[in-house]
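Q: Before we start, here is the structure in question, set down as structure tokens.
The values are calculated or read from the model by the stated rules, or taken from the named source; none is laboratory data. On a predicted model such as this, the values are computed, not experimentally measured, just so you know. Cβ placement follows ideal geometry from the backbone for every residue including glycine, while neighbour counts extend to all protein chains displayed. For the accessible areas, the whole protein counts, side chains as well, though only heavy atoms, and no ligand, DNA or RNA atoms are used. Shrake-Rupley method; radii C 1.70, N 1.55, O 1.52, S 1.80 Å.
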Amino acid sequence: MLSVGGSVRSGLLRFPVRGLCSVIHRKSPGLPRSALPCLHRLPVRTVSGVGGGDVPAGPGVSGWYSSLADSTPVHLCENFLVSVQQVSGLPWWLSIAVATVSVRTLITLPLAAYQLVIVSKVEALQVEISELAKRLRYEVSVRAREKGWTDKQSRFQFQKNLRRIVSQLYIRDNCHPFKASLLVWVQLPLWISLSLALRNLSLDHSALQCDLAAGGALWFPDLTSPDSTWILPVCVGLTNLLIIEVFSLQRISPTRFQKLVLNFMRGFSVLMVPIAATVPSSMALYWFTSSLVGFCHNLLLRSPVIRKILRLPTLQSDSPYRDLLSAFINKYCK
């Protein structure tokens, strides 16, 4: 049996190759609106009494959009935004920023830290998985000669048992990669709900539409209309691109799939600029603030102090921010 340290005592195969369960468990467990033109619009009624927005009533559009804009999560976000503004007494633009910082810090930051812990555990397992795969390949070849397996049967047995071994390692260290996607499953619905809540509050049928119309600042005094200067939309796109590029600097040798994902995200960030220029300024302000806070959180999680608190492997450098800036300058400014 193969111990965690990598010593071999017996086979890895289960019938027709033996199991590795005792090997995996030998180690102690790890830490565990600008809407399209239409004939007429329908008001959205909110549970809290906050007037909803106008929803396109055209065939095929009003169904899913009105259901989404009139959903309970959106109304809860409306109530939350109104409560923050009423309790704080801040102008609407600053109230939106405060609400965004609160949500990103209290909800998504802990999930981002949890995601980082899971990803670190998965990366730490790659060396052990590689060693077990070599031993497994040898035992499959031996068993193939004994049983007279074809190359196709040998590959099938190798892949089958390697998947089992990897799955048991994930269970042992409590780091299944799917857990790393928890941040996305929470952040994306939250982002959509808050965006639609601000859209509802910014439209004509909202009881607070007049307040938001006078609740802006600087070049966007009216939060119910799009930013005609395009400053907020451009800031949204640039901030998202900055987050993506900083993330890409952490990947020394990205795979082909990772490169495709990065290019897709770059294109989507650019596409967000014209989209943000057609929505109420309240939404564009929320998107910009959310992206900016997310960028700050990404930098915070690179801190050696935070990594020590989360029991993550320490970075090779004691000055990660200086190294990150140098890498960014070398890649894009030279």
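Q: Over the range 200-307, with every protein chain in place, what whole percent of the accessible area is carbon and sulfur at 1.4 Å, could you tell me?
A: Result for the range 200-307: 71 percent of the exposed heavy-atom area is carbon or sulfur.
Q: Ok, one more. Which ³J(HN,Hα) values, rounded to whole Hz and listed in residue order, are derived for the range 178-195 from phi using the Karplus coefficients 6.51, -1.76 and 1.60 in 6.51 cos²θ - 1.76 cosθ + 1.60 with θ = phi - 60°, glycine and proline given as x?
A: Coupling constants for the range 178-195: 4, 5, 5, 8, 4, 4, 5, 5, 9, 5, 5, x, 5, 5, 5, 5, 5, 5 Hz.
Q: Treat each spin label as a single point 7 Å out from the Cα along the C-beta direction, and report the LEU325 to TRP191 distance in nm.
A: Inter-label distance under the simple model: 2.8 nm.
Q: Label the range 161-256 by shape, choosing from rounded, prolate and oblate, from the square roots a ≥ b ≥ c of the eigenvalues of the Cα gyration tensor; if a/c is under 1.5 it is rounded, and otherwise prolate applies when a/b is larger than b/c, oblate when it is not.
A: Judged from the Cα gyration tensor, the range 161-256 comes out oblate (a/c at least 1.5, b/c at or above a/b).
Q: OK, next. For a protection proxy built on the mean count of beta-carbon atoms within 10 angstrom, sort 127-139, 289-301 highest first, please.
A: 289-301, 127-139
Q: Using a Förster distance of 25 Å, how high is the FRET efficiency between TYR114 and SER167, based on the Cβ-Cβ distance and rounded to 0.05?
A: Computed FRET efficiency for TYR114 and SER167: 0.75.
Q: On average, how much accessible surface per residue is there in the range 175-334, in Å², for a 1.4 Å probe, leaving out ligands, DNA and RNA?
A: Solvent-accessible surface per residue comes out at 56 Å².
Q: Still on this structure: Provide the gained length on full extension for the span ALA213 to SER88, in nm with one decimal, where the gain is 0.36 nm per separating residue minus the Cα-Cα distance.
A: Computed gain between ALA213 and SER88 is 43.1 nm.
Q: Does the range 151-201 come out rounded, prolate or oblate, given a ≥ b ≥ c as the square roots of the eigenvalues of its C-alpha gyration tensor, rounded meaning a/c under 1.5 and, failing that, prolate meaning a/b above b/c? List each step's numbers first, then the result.
A: Working: a/c = 10.72, a/b = 3.03, b/c = 3.54.
Oblate, because a/c is 1.5 or more while a/b does not exceed b/c.
Q: Sticking with this one: What FRET efficiency would be calculated for the residue pair THR150, PHE257, taking the C-beta separation as r and a Förster radius of 30 Å, to the nearest 0.05?
A: It comes out at approximately 0.50.
Q: Can you tell me the order of 273-285, 182-194 when each peptide is scored by its average per-residue count of other Cβ atoms within 10 angstrom, highest first?
A: 273-285, 182-194
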